[in-house]
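Accompanying notes for the structure given below.
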Amino acid sequence: MIDSAPHLMPKDTGWIEVITGCMFSGKTEELIRRLRRAQIAKQKVKIFKPLIDTRYSESSIVSHNDQSLPSIQIKDIKDVLKLSEDSQVIGIDEAQFFSDEIVNICNELADTGKRVIVVGLDQDYRGIPFEPIPHLLAIAEYITKSLAICVECGNPADKTQRKTTSSERVIVGTSDIYEARCRKCHYIPEEV
Ligand code: ZN
């Protein structure tokens, strides 16, 4: 992990880092860790998250272990371009809630010399690849897949188990609706 960790500061270039995995795998925690280190290095950091995600806080990204950093909520991923002109490091949390346009936006930001750190779920609650993250994985320089712990058996977990029977792809919630499961313990809930 440390060997493949990106250099702190881009030198005349930008790049894309993707942190992905299921819910409760520590993705936002890892994003906060990287952004804090950039701030210590006196780099200009900006953090964005989709307007849909109102869990815990309106104006911060907050990990499940209560770490937080101030963030800007946006509806349209294109807004990142004008809002981050003076930033060197850009964090984007809950990227699965943005449109596929995020792929072009991240490329554009990296092409103009910025370090872009994108965080999101790689699979939906059925275990099906969840765009745009699979696409972002293909164009990123650095990829981190974080695993959670299966609440049933204790094995490493990369699936998000939904505990309700709704078939909507997106239901915003936390441990009241979701838990982490390994592939052996994960199942697709019967839809009503
Ligand atoms: Zn399990």
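Quick note: the coordinates plus some simple rules give every number you see, no bench work behind them. Bear in mind the structure is a predicted one, so any value in this text is a computation, not a measurement. We place every Cβ from the backbone using ideal geometry, glycine too, and count neighbours over all the protein chains shown.
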Discussion item. Taking the 0 to 90 degree range and rounding to the nearest ten, how far is the long axis of helix 27-40 tilted relative to the main principal axis of the chain, both from C-alpha atoms?
Written reply: 20 degrees
Worksheet entry | Listed peptides 59-68, 110-119, 131-140, 167-176 by packing density, highest first (mean Cβ within 10 Å) | 110-119, 131-140, 59-68, 167-176
Practice prompt. Would you mind checking the tilt of helix 102-111 against the longest principal axis of the Cα atoms of the chain, expressed as 0 to 90 degrees and rounded to 10?
Written response: 30 degrees
Worksheet item: How many nm separate the modelled label positions at Glu141 and Ser68, each set 7 Å beyond the Cα in the direction of the Cβ?
Response: 3.2 nm
Worksheet entry | Cut-off under 5 Å, modelled amide H: who pairs with Ile47 long-range | Ile72, Gly91
Worksheet entry | ³J(HN,Hα) computed for each position of region 75-81 - Karplus, 6.51 cos²θ - 1.76 cosθ + 1.60, integer Hz, glycine/proline x | 8, 10, 4, 4, 4, 4, 4
Discussion item. List the Cys residues of the chain that have no partner Cys with a C-beta closer than 4.7 Å.
Written reply: Cys22, Cys106, Cys153, Cys185
Practice prompt. Extending each Cα 7 Å along its Cβ direction at Lys82 and Lys44, get the distance between those two points in nm, one decimal.
Written response: 1.7 nm
Worksheet entry | Amide H contacts of Leu69 (H built 1.01 Å from N, under 5 Å, at least 5 apart or other chain) | Ile61
Worksheet item: Which of the peptides 75-84, 143-152 is most tightly packed, and how do the rest follow, going by the mean number of other Cβ atoms within 10 Å of each residue?
Response: 143-152, 75-84
Worksheet item: Taking amide H positions as placed 1.01 Å from N in the peptide plane, with prolines and chain starts having none, which residues 5 or more places from Phe130, or on another chain, fall under 5 Å of its amide H?
Response: Gln123, Asp124
Item to complete: Give me the Kirkwood hydrodynamic radius of region 15-146, using the inverse of the mean 1/r over all pairs of distinct Cα atoms, in Å to one decimal.
Response: 14.4 Å
Worksheet item: Taking the Cα centre of the chain as the origin, how large is its charge dipole in debye, to the nearest 20, when only Lys and Arg (+1) and Asp and Glu (-1) carry charge on their Cβ atoms?
Response: 500 debye
Response to the item:
Of all DSSP beta bridges having both residues in the chain, the percent classed as antiparallel (nearest 5) is 30 percent
Item to complete: Name the most mobile residue of Phe48, Phe98, Phe130, meaning the one with the largest mean-square fluctuation, in a Gaussian network model of the chain with Cα contacts below 10 Å.
Response: Phe130
Fill in: Over the chain: helical MRE at 222 nm, DSSP H runs n ≥ 4 each giving -39500 (n - 2.57), nearest 500
-5500 deg cm²/dmol
Discussion item. Just the number: Rg to Rh for region 69-192, Cα atoms, Kirkwood Rh, two decimals.
Written reply: 1.01
